[in-house]
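Enquirer: Below you'll find the structure I mean.
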Amino acid sequence: MTRRDDILRLPPDLPVPVDDGMADHLPGRPVAPVLLSSTHGQRVDLSALAGRTVVYCYPRTGRPDEEPPDGLDLIPGARGCTPQSCAFRDHHREIETLGARVFGLSTQDTEYQREAAERLHLTFPLLSDARLEFASAMKLPLFEFASMRLLKRLTLIIHQGIVEHVFYPVFPPDRNAEQVLDWLRRQEAE
């Protein structure tokens, strides 16, 4: 079975998310020391990483052989995880050149993420917060849908274990990697 839509493109007329203030507490906050499983096989503690780290948090990646859950398109900011991941893949080298590493983060388990990482040829690890330990410790914005607790889409820029900047809400998600690149370039110029 194949999907009726193109998983690599955003559907037209998606509702635009508004800033509900649920990420206002994050800039300047120390990153919680939580070990997260990665699709590269190791466990990662984002609080312990030196330098600058980009973590794009997304609700859930879909699969090309499964229709998205009914009603997902009606939730502002919920759709677009695959286009967002592909954009970070396409800009990964540029982001690294500007001195930052990249991770994707969702509440899906590592095996589910590994399938997406391989299928999309991602050049960076995806991190699993399936038990919501990181999301809870950081008080990241969440939503519930179809009996799933999912992250609202946001991107954290972490420097030396401190949240330096937050992109929230993120829309459209396929432009987020470019927004991050622009921000990193401005930081380099200062």
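The values are calculated or read from the model by the stated rules, or taken from the named source; none is laboratory data. Note that this is a predicted model, so its numbers are computed, not measured. Positions of Cβ are backbone-derived with ideal geometry, glycine not excepted, and every protein chain shown enters the neighbour counts. These area figures cover heavy atoms from the full protein model, side chains too; ligands, DNA and RNA do not enter into them. Shrake-Rupley method; radii C 1.70, N 1.55, O 1.52, S 1.80 Å.
Enquirer: Being open to solvent by 30 Å² or more (accessible area, probe 1.4 Å) and touching an Asp or Glu at 6+ places or on another chain (Cβ under 6 Å) is true for just one of ALA87, ALA130, ALA137, ALA146. Which residue is that?
Expert: Exactly one residue qualifies, and that residue is ALA130.
Enquirer: Checking LYS152 against (1) modelled with pLDDT of 95 or more; (2) surrounded by fewer than 19 Cβ atoms within 10 Å (Cβ to Cβ); (3) among the charged types (D, E, K, R), only one condition comes out false. Which one?
Expert: (2)
Enquirer: Across the range 27-45, what is the number of residues that are in contact with a Lys or Arg (Cβ under 8 Å, 6 or more places away or on another chain) and touching a residue at least 60 places away in the same chain (Cβ under 8 Å)? Walk me through how you get there before you give the answer.
Expert: First, pick out the residues of the range 27-45 that are in contact with a Lys or Arg (Cβ under 8 Å, 6 or more places away or on another chain): 35-37, 39.
This time we only want the ones that are touching a residue at least 60 places away in the same chain (Cβ under 8 Å), so: 36-37, 39.
Within the range 27-45, residues that are in contact with a Lys or Arg (Cβ under 8 Å, 6 or more places away or on another chain) and touching a residue at least 60 places away in the same chain (Cβ under 8 Å) number 3.
Enquirer: Taking the criterion of being more than 21 Å from THR123 (Cβ to Cβ) and small (Gly, Ala, Ser), would at least one residue in the range 39-54 satisfy it?
Expert: Yes, there is a match, as at least one residue in the range 39-54 is more than 21 Å from THR123 (Cβ to Cβ) and small (Gly, Ala, Ser).
Enquirer: So for the range 74-86 (the condition being over 17 Å from GLU115 (Cα atoms), charged (D, E, K, R) and in contact with a Gly (Cβ under 8 Å, 6 or more places away or on another chain)), does at least one residue qualify?
Expert: Taking every residue of the range 74-86 in turn, none turns out to be over 17 Å from GLU115 (Cα atoms), charged (D, E, K, R) and in contact with a Gly (Cβ under 8 Å, 6 or more places away or on another chain).
Enquirer: Give HIS121, HIS165, HIS159 a once-over and let me know the one that is within 15 Å of the chain's Cα centre (by Cα) and more than 21 Å from ILE75 (Cβ to Cβ). Don't jump to the end; show me each part of the working.
Expert: Numbers: HIS121 fails: within 15 Å of the chain's Cα centre (by Cα); HIS159 fails: within 15 Å of the chain's Cα centre (by Cα).
The unique qualifying residue is HIS165.
Enquirer: Filter the range 90-106 down to residues that are assigned to a helix (DSSP H, G or I) and open to solvent by less than 20 Å² (accessible area, probe 1.4 Å), then give me how many there are. If you could, list the steps in order and put the result at the bottom.
Expert: First pass over the range 90-106, keeping only residues assigned to a helix (DSSP H, G or I): 90-97.
Next, only the ones that are open to solvent by less than 20 Å² (accessible area, probe 1.4 Å) stay: 92, 95.
The total comes to 2.
Enquirer: On to the next question. Look at the range 41-62 and say how many of its residues are farther than 19 Å from ALA23 by Cα and either of a type in the set (Ser, Thr, Tyr) or loosely packed, with under 15 Cβ neighbours inside 10 Å (or both).
Expert: 8
Enquirer: If you don't mind, there's one more thing I want to ask. So THR123 fits all but one of (1) open to solvent by 30 Å² or more (accessible area, probe 1.4 Å); (2) under 21 Å from ASP19 (Cα atoms); what number is the exception?
Expert: Only one criterion is unmet by THR123, namely (2).
Enquirer: Cβ-Cβ distance below 6 Å, separation of 6 or more or different chains: which pairs start in the range 133-153 with a residue that is without any contact (Cβ under 8 Å) to a residue 40 or more places away in the chain and end on one that is part of a strand (DSSP E or B) and basic (Lys, Arg)?
Expert: LEU142/ARG149
Enquirer: Scan the range 88-99 and report the pairs whose first residue is more than 18 Å from LEU120 (Cα to Cα) and whose second residue is assigned to a loop (DSSP other than H, G, I, E, B) and open to solvent by 40 Å² or more (accessible area, probe 1.4 Å), with Cβ atoms within less than 7 Å and a gap of 6+ or a chain change.
Expert: Within 7 Å, no pair qualifies.
Enquirer: Need pairs with beta-carbon distance below 7 Å; first residue at positive phi and within the range 46-73, second open to solvent by 30 Å² or more (accessible area, probe 1.4 Å) and assigned to a loop (DSSP other than H, G, I, E, B); sequence gap 6+ or separate chains.
Expert: GLY51/GLY99
Enquirer: Please count how many residues of the range 105-139 are touching a helix residue (DSSP H, G or I) at 6+ places or on another chain (Cβ under 6 Å) and of a type outside the set (A, V, I, L, M, F, W, C).
Expert: 3
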